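Everything below concerns the one structure shown next.
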Amino acid sequence: MPLTGTDDPQAQAGADSKPAVPAPRRINPKMGALMDLTVLSVSNLTPRMKRIILTGEALATFEYRPGQELVLIMPAGQDEKVRRFYSIRRLNRTARTLELNVLVHGDAPGARWAAAVQPGDAVQAAGPHGRIAADPTADWHIFFSDEAGLPPMCAILESLPPTARATVFAEVAGPRDKLQNEAVAEVEVNWRFRGPMPAHESRLLPEAAAEYPLPAGRCHAYVMGETSVVREVRKTLRARGLEVAQVSSEGLWRPGRVGGHDHVTEAAQTP
Ligand SMILES: Cc1cc2nc3c(=O)[nH]c(=O)nc-3n(C[C@H](O)[C@H](O)[C@H](O)COP(=O)(O)OP(=O)(O)OC[C@H]3O[C@@H](n4cnc5c(N)ncnc54)[C@H](O)[C@@H]3O)c2cc1C
């Protein structure tokens, strides 16, 4: 069964033609060992965001940093499987459960999987992967996120201690798409509603990055969402004086991209 659609089509050229090893324990050295997981429950957090609880023996000893993600292997048609990234929202080692929040954004393998998955379904996953985590040296934290960035953003927010201060700019289509966090830190959440406009055409997050009066002290910014928006927010924050190391940014999706991710840094710019 071929394993395809793992990343940018350009970056993954040729992946479709490689035959997969039957019942693999490892996909490749970068992805790591596969965990066999089972869907325990599925519910709606918002009309478009599914809460999916997975369970499996491997979770008893699973380690991760809040903000990191799993790579899920999921069906895409009859004989094809693809890889998709989803952030770890919560882990309970004792109960051996792990929560994902998956956006049903349209007709694509990950979104279809989330819309149709049922308790008892099997899924394989590898991880953890990912570089973005809370900066413990920051005096305050500022987040910019669209719907796809809400799960990693909430995971990082919920990892901050009660003494931490955070400001959130979260852009979603409308009030029904708001996702609640359970942070113990002092968090100011500013929702922005784009309406029917496509997320990558909205300028609400770059505007917020340009206008927000930055408090005194050392801050750390976390920017997660559609790649072109993430890039613009990062550029704006850098122009306002934040250093390279003060901005963590990741392009979680972009129009036309299939799975994968875009590292948005000054060193590596992806189209
Ligand atoms: C590190 C990381 C962590 C992530 N964590 C989460 C998470 O916790 N929850 C979550 O829901 N997503 C998350 N994402 C985003 C998710 O992996 C992508 O949205 C992915 O493209 C979904 O796969 P798909 O098969 O549904 O769509 P794909 O087949 O990958 O994409 C097909 C097309 O759908 C459109 N599309 C894809 N994603 C979106 C979107 N979010 N909004 C609007 N249009 C879209 C694009 O036009 C794209 O070309 C994460 C991504 C990364 C890189």
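Bear in mind that the values in this text are calculations on the coordinates, not laboratory data. None of the values given here were measured: they were computed from a predicted structure. Cβ atoms come from the backbone with ideal geometry, glycine included; neighbour counts cover every protein chain shown.
For the range 56-104, GluC sites (Glu not before Pro) meeting the loop criterion (DSSP other than H, G, I, E, B) and having at most 15 other Cβ atoms within 10 Å: E63, E80.
Need one word for the range 188-271: rounded, prolate or oblate. Basis is the Cα gyration tensor (sqrt eigenvalues a ≥ b ≥ c); a/c below 1.5 gives rounded, then a/b vs b/c decides. Oblate shape, in that a/c is at least 1.5 and b/c is the bigger or equal ratio.
Under the rule a/c < 1.5 gives rounded, and otherwise a/b versus b/c splits prolate from oblate, where does the range 100-258 land using the Cα gyration tensor?
prolate
For the chain, modelled as a GNM whose springs connect Cα atoms under 10 angstrom apart, the maximal fluctuation among L214, L252, L54 occurs at L214.
Here the dipole of the range 145-231 is about 120 debye; that uses its Cα centre as origin and unit charges on the Cβ of Lys and Arg (positive) and Asp and Glu (negative). Trypsin sites (Lys or Arg not before Pro), restricted to the range 86-129: which are DSSP loop and have at most 16 other Cβ atoms within 10 Å? Answer in residue order: R93. Let me make sure I get this right: for the range 106-200, a, b and c are the square roots of the gyration tensor eigenvalues over alpha carbons, sorted descending. Under 1.5 in a/c it's rounded, otherwise prolate if a/b > b/c, else oblate. Which is it? It is oblate, given that a/c is not under 1.5 and a/b is not larger than b/c.
In µm²/s, what is D for the chain at 20 °C and 1.002 mPa s, where D = kT/(6 pi eta Rh) by Stokes-Einstein and Rh is the Kirkwood radius from Cα pairs?
Rounded to a whole number, D works out at 112 µm²/s.
Ranked for footprinting exposure by Cβ neighbours inside 10 Å, fewest first, D146, D262, D121 give D121, D262, D146.
Using only side-chain charges placed at the Cβ, +1 for Lys and Arg and -1 for Asp and Glu, the dipole size of the chain relative to its Cα centre rounds to 240 debye. Only DSSP H runs of four or more residues enter the estimate; each adds -39500 (n - 2.57), and after division by the residues of the chain the mean residue ellipticity at 222 nm equals -4000 deg cm²/dmol.
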